[in-house]
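Here is the structure we will look at.
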Amino acid sequence: MAGPEGFEVPLHRALTEPILLGGAPRAVAILNGTLAAAIGLGLQMWIAGLGLWLAGHTLAVFAAKRDPDFWPVLLRHLRQKGWLAC
């Protein structure tokens with residue numbers, strides 16, 4: 001980062017990049033994997049669990065490519081929907 005003389009600070013790249021697991025945001029990937037495992041292992045519906053995981057992870061990766069912060073934005077939208085109604 002460049003700035004006034006004497007005020008330059010090295011910034012590690014890991015501090016500015018989003019935390020992703022397999023291309024999807026970490027929280028979404030963990031939630032999706034947990035839900036798919038519950039269906040696949042708990043309900044013994046292996047194909048449905050794999051299908052749910054594949055579809056959910058693929059959608060999360062596509063959304064993260066467009067905006068890595070889509071998950072917090074979506075949650076905020078769902079929480080504040082009534083406030084912004086016209």
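Residues of the range 60-76 that are of a type outside the set (Val, Ile, Thr) and surrounded by 14 or more Cβ atoms within 10 Å (Cβ to Cβ): Ala60, Ala63, Ala64, Pro68, Phe70, Trp71. Number of residues in the range 1-26 that are surrounded by 13 or more Cβ atoms within 10 Å (Cβ to Cβ) and of a type in the set (S, T, N, Q) equals 0. Among residues that are modelled with pLDDT of 90 or more and of a type in the set (Val, Ile, Thr), Val9 is not included. Please work out if Leu84 is touching a helix residue (DSSP H, G or I) at 6+ places or on another chain (Cβ under 9 Å), modelled with pLDDT of 95 or more, open to solvent by 80 Å² or more (accessible area, probe 1.4 Å) and at negative phi. No; evaluated as a whole, the condition is false for this residue. Screening the candidates Ala27, Ala60, Ala37, Ala55 for the property of being among the hydrophobic types (A, V, I, L, M, F, W, C) and in contact with a strand residue (DSSP E or B) (Cβ under 6 Å, 6 or more places away or on another chain) yields one hit, Ala60.
Note on the range 27-59: among residues that are polar (S, T, N, Q) and under 26 Å from Pro72 (Cβ atoms), the one that is surrounded by the most Cβ atoms within 10 Å (Cβ to Cβ) is Asn32. Note on the chain: enclosed helices (runs of 4 or more DSSP H) holding 3 or more residues that are among the small types (Gly, Ala, Ser) are 26-37, 46-66.
The values are calculated or read from the model by the stated rules, or taken from the named source; none is laboratory data. Just so it is clear, the model here is predicted, and its values are computed rather than measured. Glycine also receives a Cβ, built like all others from the backbone with ideal geometry; neighbour counts cover every protein chain displayed. Just the protein is used for accessible areas: all its heavy atoms, side chains included, with ligands, DNA and RNA removed. Shrake-Rupley method; radii C 1.70, N 1.55, O 1.52, S 1.80 Å.
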